[in-house]
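Here is the structure we will look at.
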Amino acid sequence: MEWTVFKLIAWTETYFRKHGVDSPRLTAEILLGFSLGIRRLDLYLQHDRPLENQELTAFKALIKRRKNHEPLAYITGEKGFFESSFQVGPGVLIPRPDTETLVTTALDLLAREPVKSSTVLELGTGSGAIVVSLAKASPKNRFFAGDISGQALDIARQNAGREGGAKIDFFQGSWFDALQQRPFWDMILSNPPYIPTSDIRHLAPEIKDHEPMTALDGGNDGLDCIRDIIGCACHYLVPGGHLLLEMGFDQKRKVMAAAQSCTAYDGIEFIKDLADHDRVVHLKKKID
């Protein structure tokens, strides 16, 4: 049988559907386009093109990886986020559309300072998708980003370089450990781990078996890191400075309690994502 592009997409879609792979047609197209080094559109412009044996062998290896629930983004090494495409790989959390709410909220707050250059710190930067998106969209500000993982920082630096050398100072450390405790930052933001430990075993195998557990596990109720950051950030923010944290859609009540337990903040706001879920908490440090 001669395997053309069209026949191979159709067969792979059926195979993925049988094995419970999400979006089987789209996944087949993305993987084949990636394997052949062409755009998805070109697959249909070349629908009757026969594949050579080495091309079939290479594509078969990709099919096996995806059937075994390796995330598509890890296979292709790319993930679209906000207005860019970012390099990702094992050891970094794959950026999600929900997290774009964190970016748009930060940009809205930064835009309210039309003249002043703000100092912005991201904690737990991972692939750098958040801070690079911010630096690209609002280059007048000064951006800094830290992560406990040297592997993640290598990827984040590469992503900054791919986006025209976005000016970001990266450093290694756990949360605030590498920083001097003083009120220096106008904005601190993070997408910390917030999944309860007991819930992780119920996640899709693409997540629980492949993505870094340190970026997922938020402790017994999912809020260990969120509480730590809320309690510490007030010592690093300037008066009137902003703290933005991504959170689980069902964690508003407990996050509210954690925020109210710290008297350094006088404003608590919850921002919804596009699915109308509470996704970001915004705390403002008291001025007095």
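The values are calculated or read from the model by the stated rules, or taken from the named source; none is laboratory data. A quick note: this is a predicted structure, and the numbers were derived from the prediction, not measured. Backbone-built Cβ (ideal geometry, glycine too); neighbour counts: all protein chains shown.
When only residues in region 180-218 that are more than 18 Å from residue 234 (Cα to Cα) and charged (D, E, K, R) count, which is surrounded by the most Cβ atoms within 10 Å (Cβ to Cβ)?
211
Somewhere in region 199-217, is a residue under 21 Å from residue 88 (Cα atoms), of a type in the set (A, V, I, L, M, F, W, C), modelled with pLDDT of 95 or more and in a strand (DSSP E or B)?
Scanning region 199-217 turns up no residue that is under 21 Å from residue 88 (Cα atoms), of a type in the set (A, V, I, L, M, F, W, C), modelled with pLDDT of 95 or more and in a strand (DSSP E or B).
Name the one entry in 44, 15 that is out of contact with any Phe, Trp or Tyr (no Cβ under 9 Å at 6 or more places or on another chain), at negative phi and of a type in the set (Ser, Thr, Tyr).
Only one candidate qualifies: 15.
Considering only region 258-265, I want to know if a residue exists there that is free of Cβ contacts under 8 Å to residues at least 24 places away in the same chain, of a type outside the set (D, E, K, R) and closer than 27 Å to residue 159 by Cβ.
Checking region 258-265: not a single residue is free of Cβ contacts under 8 Å to residues at least 24 places away in the same chain, of a type outside the set (D, E, K, R) and closer than 27 Å to residue 159 by Cβ.
Take the conditions modelled with pLDDT under 95 and assigned to a helix (DSSP H, G or I) and apply them to residue 43. Does it pass?
yes
Yes/no matrix, rows are residues, columns are (1) among the β-branched types (Val, Ile, Thr); (2) more than 19 Å from residue 79 (Cβ to Cβ):
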| residue | (1), (2) |
| --- | --- |
| 160 | no, no |
| 163 | no, no |
| 168 | yes, no |
| 184 | no, yes |
| 192 | no, yes |
| 201 | no, yes |
| 205 | no, no |
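Scan the strands (runs of 3 or more DSSP E) fully inside region 110-179 and keep the ones with 2 or more residues being touching a Phe, Trp or Tyr at 6+ places or on another chain (Cβ under 9 Å) and either of a type in the set (A, V, I, L, M) or surrounded by fewer than 19 Cβ atoms within 10 Å (Cβ to Cβ) (or both).
119-123, 168-172
Inspect region 68-78 for any residue being free of Cβ contacts under 8 Å to residues at least 12 places away in the same chain and not in a strand (DSSP E or B) and give the result as yes or no.
Checked against the condition, which is being free of Cβ contacts under 8 Å to residues at least 12 places away in the same chain and not in a strand (DSSP E or B), region 68-78 yields at least one hit.
Between a first residue in region 197-208 that is within 14 Å of residue 223 (Cα to Cα) and a second residue that is outside any helix (DSSP H, G or I) and among the small types (Gly, Ala, Ser), which pairs have beta carbons less than 9 Å apart while being 6 or more apart in sequence or on different chains?
Listed pairs, sorted by first residue: 197/218; 197/219; 197/222; 199/222.
If I ask for residues that are in contact (Cβ under 8 Å) with a residue 40 or more places away in the chain and surrounded by fewer than 20 Cβ atoms within 10 Å (Cβ to Cβ), which ones from region 31-45 would you list?
The answer is 34, and nothing else.
Tally the residues that are of a type in the set (A, V, I, L, M) and part of a loop (DSSP other than H, G, I, E, B), restricting the search to region 1-29.
Selection size over region 1-29: 2.
Return a yes/no flag: does region 223-241 have any residue that is closer than 23 Å to residue 95 by Cβ and in a loop (DSSP other than H, G, I, E, B).
yes
For region 79-91, which residues satisfy the criterion of being modelled with pLDDT of 95 or more, within 14 Å of residue 125 (Cβ to Cβ) and outside any strand (DSSP E or B)?
Matches in region 79-91: 88 only.
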